[in-house]
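Take a look at the structure below.
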């Protein structure tokens, strides 16, 4: 393995003595460190791209020793060289150089190993010796080179605001004067200086004492609120597609066994839609996901012959294989690039070669586009009912390509549950609980995948254990029943339990039942903050419905209701009705209407969630006399067992266990 090189910083890069004047570093520190300087420069004027970084930090307390004394840099040895310019420790006016070839160790850490993704990157790691509280640690390095597949494409996204206080942040970009770039600013950033000296254009940003950016954990992944800039070449999406298009050229012929499989599918499925789904499932079921992104493998798929022979591959391999199969079956198909994180915001990105992190397939049947992901497994349903990628935008790898918006679909009802409770007249007898849950769209695929990987027995155990977390001991009265909806794509789970103690003591002569919350809590996370600065990501639009039917042995005093609560992005209908004098039904019907709540609507959203929690379940009390359930004292007089605001509030603040029971999906 090629280790780091050692040498001086690039000409003109500031390596002078750091300082913050007479300011008190303790007042500027966080977690035991005061960051004096972050200095970054990218030089795109030479034959090789040079990315240089300097970080100066002072240890102000014991907690900062570990981080300040640990220096590591990741690089890809296939096309990058790491050059160490210095690891200096300043103390009492003096300085010592701590770096040496012997001080560094090389690790191949493969951060995504658990996901079967290998990129070949190395980490050069050094423990800086003898670092003490009060020391200033000054590190500087360069990474030389760039991925040749990208053909020197520029996409530079430096930060000017950090999650910790930084006294000074500097960013410089050096370009040939003739290279046209687009500059996109995020958050609050200073205007750059722009000057050309000796044939080099220099764009410089300098930020002083910028307050830290506190990220909201439920913000959309494509939202950038902190100060930063994105500098890219002036280009088009068509030019970006041209960088990768030839990598996916179809083979002259398919491997013999793949040809036979494709012909068999053609013979048995004359309709294009059926052929498309059959080809998709052939690839999904044949390939094991395994990504080797060493060198240009991060952007270039392998040959179809190698993919089919090894029966493994990543998204690029799977898409290339699926395109080859579909074209052989007479289906128009092309690979398409998407972004799994920032997809909905891709239309606001300037065209650039690093805008994508995933590859899927666009198939066209009778003029209508269908977006297919061959890396998914356990997808059910025909083409109309197939769960569709939710990346919003895709770039088909065709000549003259443009970003294409994926077709909007109706909001799916991803989970529909009917619980039927039947209580015995004797207080010490268990209650019978039947649960029928129909999953659709991506939730049905999740259930299929769960059943395929863990088996029905383990799935049944997990479902029972999550139920017991709410109601205590549950005994399976019948095995878990699984029904598959075939072409419609749904999956139904039928569970039957005896709940040993459905009631809990309320006082000396009464018992209380409280239903769980499987709708509001699991789908609308309670992360309310008074200083909200970012939008709220609610996940993919979806509908979740639960109906609870209670067959009671004795009357209870519960008043019916029917309320509708609407927020900026949600709608909840909660109703309770008496169907007979011994049977009542509670329905919760939640719809997430759109994925994002803008920051200016956050307060209204949180208010809607709070209100929804008041109506997210049912509680009632019953009397006990000689071991038998009886109407509670005061029944029919507006007290005793009646649902009240107190009752609703108690239900609303019940702890939410793992018994989200797959009802929601953070799509």
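The table that follows gives values for the structure above.
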read-out	value
Efficiency of FRET from Cβ geometry, residue 402 and residue 206, R₀ 30 Å, rounded to 0.05	0.20
Linear extension gain, residue 426 paired with residue 465, 0.36 nm per residue minus alpha-carbon span	11.5 nm
Gap separating the Cα centres of region 560-627 and region 455-511, nearest whole Å	22
Normalised contact order of the chain, rounded percent, pairs of Cα under 8 Å and 6 or more residues apart	10
Cα gyration tensor shape for region 413-652, rounded if a/c is under 1.5, else prolate or oblate	oblate
Chain lengthening between residue 475 and residue 559 when straightened (0.36 nm per residue, less Cα-Cα)	27.1 nm
FRET E, pair residue 449, residue 11, Förster distance 41 Å, beta-carbon r, rounded to 0.05	0.15
Separation of the residue 411 and residue 188 label points, Cα + 7 Å toward Cβ, nm	3.6
DSSP-defined beta bridges in the chain - what % are antiparallel, rounded to 5	85
Between region 189-266 and region 330-391, the alpha-carbon center distance in angstrom	17
Ascending count of other beta-carbon atoms within 10 Å, so fewest first, for 377, 182	182, 377
Helical mean residue ellipticity (222 nm; -39500 (n - 2.57) per DSSP H run of 4+; nearest 500) of the chain	-5500 deg cm²/dmol
Residue 195-residue 218 pseudo-label distance in nm [points 7 Å out on the Cα-to-Cβ vector]	4.9
Protection-proxy order for peptides 13-23, 564-574, each taking the mean of Cβ atoms within 10 Å per residue, highest first	564-574, 13-23
Extension gain (nm, one decimal) between residue 74 and residue 594, 0.36 nm per residue minus Cα-Cα	183.3 nm
On Cα atoms only, tilt of 441-471 relative to the major axis of the chain in degrees	60
Helix 272-286 vs. the chain, principal-axis angle (Cα, 0 to 90°, nearest 10)	70
Between 0 and 90°, nearest 10: helix 315-328 axis offset from the chain longest Cα axis	70
Relative contact order for region 511-606, counting Cα pairs under 8 Å that sit 6 or more residues apart, in percent	35
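Any read-out appearing in this document is the output of simple, stated calculations on the displayed coordinates, not a laboratory observation. Since this is a predicted model, take the numbers as computed values, not measurements. Positions of Cβ are generated from backbone atoms using ideal geometry, with glycine treated the same way; all protein chains shown enter the neighbour counts.
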